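For reference, the structure I am asking about is given below.
The values are calculated or read from the model by the stated rules, or taken from the named source; none is laboratory data. It should be emphasised that the depicted structure is a prediction, and the values quoted were computed from it without experimental measurement. In this analysis, Cβ positions are derived from the backbone assuming ideal geometry, glycine residues included, and neighbour counts consider all displayed protein chains. The accessibility values were calculated without ligands, DNA or RNA, using every heavy atom of the protein model including side chains. Shrake-Rupley method; radii C 1.70, N 1.55, O 1.52, S 1.80 Å.
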Amino acid sequence: MNSSQKTQVDRAHYAPSSAYEDFPQPIGHRATISAPHMHASACETLLPYLHPGAKVLDIGSGSGYLTAVLANLIGPSGTVIGIDHIQPLVTMAQSNMEKSEAGRQMLDSGQVSFVKGDGRKGWKEGAPYDAIHVGAAAAEHHKELEGQLKAPGRMFVPVEEGRMQHIYVVDKKEDGKVEKKKLYGVQYVPLTDAPQE
Ligand code: SAH
């Protein structure tokens, strides 16, 4: 690996233990930081839409790790919003990013922001998005999320089907038509109602 390929976001700032193992790790509040291979697959899938200046929504941002990686992929002219419905995780994601100088700059400049809300409704304030990543399994294909995609735009989303979950790639074409492609089976934390505080 040469210096231009070196990793820009240290997973150890986001995972409390075994940061470099290819497994999900608990981060508290019944949430997990996804396994590196899942983060890689999500980034690879969304990559054609992560151009300079792109707007991205990361739903179920949890540790904030993928939010930070997405911001690095689109560069300083784009914006990434991470949304989670558990306030302590929103705060944790922010402080995880603040552990590096680059992360602090991204937060200060507004390139990255973390908000609290129900991700099943997306985040209207920042819409439309070139890319939406959903980091928790949706009970259905939420129409509001499709509505917040640009045309063209792409969403990476795990969807529950009976006792199974599958990753779907939802593409909104330039003419506004929506196409869904099923990729592979997964096991994600569910996208649910907010816990009682
Ligand atoms: N991408 C994160 C995954 C965290 S686990 C990471 O790799 O760190 C899934 C996250 O989805 C949890 O943080 C959970 O709080 C959040 N979540 C679940 N339901 C949600 C909802 N309705 N709205 C927003 N966030 C939700």
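From a point 7 Å beyond the Cα of A194 in the direction of its Cβ, which residues of the range 124-142 have a backbone N at a distance under 11 Å?
No residue passes the distance filter.
Would you work out the charge dipole size for the range 105-197 about its Cα centre, treating the Cβ of every Lys and Arg as +1 and the Cβ of every Asp and Glu as -1, and quote it to the nearest 20 debye?
Numbers: 14 positive and 15 negative charges, 57 e Å.
I would put it at about 280 debye.
Something else now. Computed over the Cα atoms of the range 1-111, what is the ratio Rg over Rh, Rh following Kirkwood?
Numbers: Rg = 13.2 Å, Rh = 14.2 Å.
Radius of gyration relative to Kirkwood radius: 0.93.
Oh, and also: Residues of the range 46-197: accessible area per residue at 1.4 Å, in Å²? Please report the intermediate quantities before stating the final value.
Values: 7160 Å² over 152 residues.
Per residue, the range 46-197 has 47 Å² of solvent-accessible surface.
A follow-up question, please. In the range 88-153, what trypsin sites (Lys or Arg not before Pro) fall in a loop by DSSP, with at most 15 other Cβ atoms inside 10 Å? All intermediate terms of the calculation are to be shown ahead of the outcome.
Details: sites: K99, R104, K116, R120, K121, K124, K143, K150; in loops: K99.
Passing both the DSSP loop test and the Cβ count: K99.
If I stretch the segment between A19 and Q87 completely, what's the gain in nm (0.36 nm per residue apart, minus their alpha carbon distance), one decimal? Intermediate results must be reported in sequence, preceding the final value.
Values: separation 68, 0.36 × 68 = 24.48 nm, distance 2.29 nm.
Full-extension gain reported as 22.2 nm.
To continue, here is another question. By the scheme Lys and Arg +1, Asp and Glu -1, what is the net charge of all other residues having a beta-carbon under 12 Å from that of L191? Please list the in-between numbers first.
Details: positive: R120, K121; negative: D84, D118, E140, E160, D193.
In short, -3.
Provide the FRET efficiency to the nearest 0.05 for the E174-Q8 pair, computing r from the beta carbons and using R0 = 30 Å.
Details: r = 31 Å, r/R0 = 1.04.
Computed FRET efficiency for E174 and Q8 comes out at 0.45.
Further question on the same structure: Per-residue ellipticity at 222 nm for the chain, helices alone: DSSP H runs ≥ 4 residues times -39500 (n - 2.57), over residue total, nearest 500 deg cm²/dmol? Kindly include the intermediate steps, with their values, before the conclusion.
Details: 5 runs with 46 residues, N = 197.
Mean residue ellipticity, 222 nm, calculated: -6500 deg cm²/dmol.
Looking at the chain only, what percent of DSSP beta bridges run antiparallel? Nearest 5 please.
Working: 18 of 38 bridges.
Given both bridge residues lie in the chain, the antiparallel proportion sits at roughly 45 percent.
How much of the accessible area of the range 1-78, probe 1.4 Å, is carbon plus sulfur, in whole percent?
Numbers: 2190 of 3920 Å².
In the range 1-78, the share of accessible area belonging to carbon and sulfur is 56 percent.
What is the Å³ per residue value for the convex hull set by the Cα atoms of the range 44-197?
Numbers: hull volume 16.2 nm³, N = 154.
Taking the convex hull of the Cα positions in the range 44-197, it is 105 Å³ per residue.
Quote the relative contact order of the chain in percent (integer), defining contacts as alpha-carbon pairs under 8 Å separated by 6+ residues.
Worked out over the chain, it gives 17 percent.
While we're looking at this one, here's another question. Kirkwood hydrodynamic radius for the range 114-184: how many Å is it when counted over pairs of different Cα atoms? Don't skip to the answer; put the middle values down first.
Numbers: mean 1/r = 0.0810 Å⁻¹.
In the range 114-184 this quantity evaluates to 12.3 Å.
Which of the pairs K99/K143; K55/K173; K143/K173 have their Cα atoms more than 26 Å apart in this structure?
On the way: K99/K143 36 Å; K55/K173 17 Å; K143/K173 15 Å.
With Cα atoms farther than 26 Å apart: K99/K143.
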